[in-house]
Amino acid sequence: MRTSPNIIVTGTPGVGKTTHCEEIARRTGLKHLAINQIVKDRECHDGWDEEYSSWIVNEDKLLDALEDDTIPEGGYLIDWHACDLFPESWIDLVIVLRVDSSTLYDRLTERKYSEKKLQENLDSEIMEVLLSEAREAYAEEIVVELTSNTADEVESNVARIESWLEQWKKDRTG
Ligand code: DAT
């Protein structure tokens, strides 16, 4: 039985996962697990993809590496642009962040993404790829879609997640 929940924060690159997780971690004490960083640091990949400027993730190696993090015991914010890798039994809430295309375009241009990578990510956001993935992998009632266009939205989203967390804990302590 977990005494603290596990929350996935997912969405297209640039949507605001890191921004949200850092703030949630600061305010709640949940541990921010930046999966991209783990893939890189613990070499859970099959090399570097030049075209996409990203690691080719090896999901088996990643799951092995995550075993060390005692995720099933709870207390983690899992920050990744994919979500269906994690067993349902580990996860209490899935936040799918969404953003307007023009805002995403500006953020990814700022990151100097190649034209191809930029376009694929914009398409992915417009087609709601991550939202569909989350809804297919987890129970409908634990998947929450939140917009992340402005700093005010970060604030209200984080406040909402904080309240959810308090309620989650209350429900379990009776
Ligand atoms: P991700 O981790 O999903 O790739 P990020 O948190 O690194 O995204 O954010 C990408 C950039 O956009 C970064 O410069 C911060 C900014 N940003 C993210 N969410 C925002 C929001 N809701 N309002 C304003 N800026 C935001």
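For D46, D171, what's the fewest-to-most ordering of other Cβ within 10 Å of each Cβ?
Lowest to highest Cβ neighbour count: D171, D46.
Under the rule of at least 5 residues apart or a separate chain, name every residue whose amide H is placed under 5 Å from the amide H of H32.
For H32, the qualifying residues are L77.
At a threshold of 8 angstrom on Cα-Cα distance, excluding pairs fewer than six apart, so keeping six or more, what relative contact order does the chain reach in percent?
With pairs under 8 Å counted, the relative contact order is 33 percent.
Taking the Cα centroid of the stretch 12-74 and of the stretch 121-174, what is the distance between the two, rounded to the nearest whole Å?
18
In 10 Å bins starting at 0, how do the alpha-carbon pair distances of the chain split up by percent?
For the chain, the binned pair fractions read 9, 37, 38, 14, 2, 0 percent.
Loop only by DSSP, 16 or fewer other Cβ within 10 Å of the Cβ. Give me the GluC sites (Glu not before Pro) in the stretch 13-64 that pass, ordered by residue number.
Passing sites in the stretch 13-64 are E43, E50, E51.
Any read-out appearing in this document is the output of simple, stated calculations on the displayed coordinates, not a laboratory observation. On a predicted model such as this, the values are computed, not experimentally measured, just so you know. Please note: Cβ atoms are built from the backbone with ideal geometry, for glycine as well, and neighbour counts cover all protein chains shown.
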